[in-house]
1. What's the carbon and sulfur percent of segment 11-54's accessible surface, probe 1.4 angstrom, rounded to a whole number?
2. Once Lys and Arg get +1 and Asp and Glu get -1 on their Cβ, which of P131, N202, T103 lies farthest toward the positive end of the dipole of the chain?
3. Quick one: which residues, 5 or more positions from T148 or on another chain, have an amide H under 5 Å from its amide H? H modelled 1.01 Å from N in the peptide plane, none for Pro or chain starts.
4. What does the charge dipole of the chain about its Cα centre add up to, to the nearest 20 debye, if the Cβ of each Lys and Arg holds +1 and the Cβ of each Asp and Glu holds -1?
5. Quick one: how many lysine pairs does the chain have with C-alpha atoms less than 26 Å apart and a gap of 8 or more or different chains? Give me the count, please.
6. Within segment 260-354, report the trypsin sites (Lys or Arg not before Pro) that DSSP leaves as loop and that have at most 13 other Cβ atoms within 10 Å.
7. Per residue, how many Å² of accessible area does the chain show with a 1.4 Å probe?
8. Quick one: of the DSSP bridges fully inside the chain, what percent are antiparallel, nearest 5?
Amino acid sequence: MKDDGMKRVTITDVAKEAHVSIKTVSNVINDSGSMRPETRQRVKQVIERLGYTINYSARSLKTGTTRIIGLAIMAFDQPWTAMYAGELIKAARRHGYSLVIDTYDDGGLSSIIDETYRVNADGWIFYADQPLADCRDVLKQRYPVVLTGDSLAYGLVDSVTMPNVQPIYDITSALIAKGVECIGLIGAPDDLVEKHRLGDVNSLREGTRVLRTQGYCQAFADAGIEVNENVAIEGGRWDMNWGARGARHLLSVPAFRDARTRAVVCLNDALALGALHVFKEHGWNVPEDVQVSGFDDIEESRHCNPALTTVNSHLDQYADSAISMLIERIEGADSPVRAISTDFAIERRASTTF
């Protein structure tokens with residue numbers, strides 16, 4: 001039997017052609033059930049020969065689910081965003097789900113909530129790039145939500161975070177222990193840098209920039225050294241352009257420029273790559289004249305010259321945790337709200353000597 005191009009091939013057609021029950025065909029499609037390997041193979045061959053495809057609309061009407069997960073995330077201005085989306089796609093596929101993505105701009109998560117209801121997804125993963133204190137109701141939706149990023153979930157939904165304070169603390173402490181005379185920072189919260197109140201960062205509770213800056217400040221405090229706010233540079237959009245801008249600013253600061261030994265702790269890899277370019281353009285060798293570190297372990301960090309010391313936050317685990325928790329909620333789990341944090345590893349490469 002062949003599809004004449006007019007009539008849609010149904011699961012009944014496949015079952016009839018393969019001489020099996022509809023339930024057997026369904027089990028083959030969903031890779032479930034027990035049957036002889038030759039039976040499973042015969043059904044697969046019939047599916048391919050007839051050109052059968054799953055009618056997702058019909059399945060959705062029957063089961064009330066689409067097996068689609070939504071991701072709400074900031075625009076793809078940084079390599080990390082694409083890397084995270086890619087890991088979520090792989091994790092969703094492992095669980096038999098597809099992923100649809102909606103991006104927001106400076107308006108934040110709340111600006112695209114209406115759009116999420118126009119997408120027939122079973123649940124959504126929200127990535128918050130800024131604290132939700134003033135708009136926490138964004139987490140109260142009619143569909144299941146898992147919050148990712150480094151904003152508080154206020155006990156409203158499950159959340160997945162990555163370590164931020166400890167990795168930057170460990171890198172900064174290692175540089176201090178090596179006797180580096182001046183350790184700059186690129187990526188600090190813009191408002192605190194502008195007001196010369198970096199010390200206020202320790203009173204804050206959320207936000208990626210805040211938490212990573214806390215690690216930097218705490219390392220100095222524990223070493224009994226005062227942070228030189230003149231070498232703490234804001235992050236702007238946290239991209240390579242802002243990393244280059246930060247490095248140029250540091251070159252104009254005597255405490256950094258004239259130090260016998262120097263290092264720069266960058267709060268993400270994009271900033272670090274921009275800084276590396278400027279230092280090399282200035283004629284400085286890395287790590288001999290200045291050591292540089294990043295955070296995220298993006299693909300480019302492994303192949304730049306020199307390869308970048310950075311923080312690997314196990315993004316695959318991060319993504320799989322978010323997907324798994326959301327699917328549990330989609331399937332009806334009503335357990336107490338959970339908060340998970342992944343582990344990390346510092347990938348020591350040629351851009352540093354510690």
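The values are calculated or read from the model by the stated rules, or taken from the named source; none is laboratory data. This one's a predicted model, so the numbers in the text were calculated from it and none came from an experiment. Reconstructed Cβ throughout: ideal geometry from the backbone, glycine too, with neighbour counts over all protein chains shown. All accessible areas refer to the heavy atoms of the entire protein, side chains included, with ligands and DNA or RNA removed. Shrake-Rupley method; radii C 1.70, N 1.55, O 1.52, S 1.80 Å.
1. 49 percent
2. T103
3. For T148, the qualifying residues are F126, Y127, A128, V160.
4. Around 1520 debye, computed over the chain.
5. Close lysine pairs under the 26 Å cut-off: 14.
6. R260
7. Averaged over the residues of the chain, the accessible area is 49 Å².
8. On the way: 3 of 37 bridges.
Approximately 10 percent, going by the DSSP bridge assignments.
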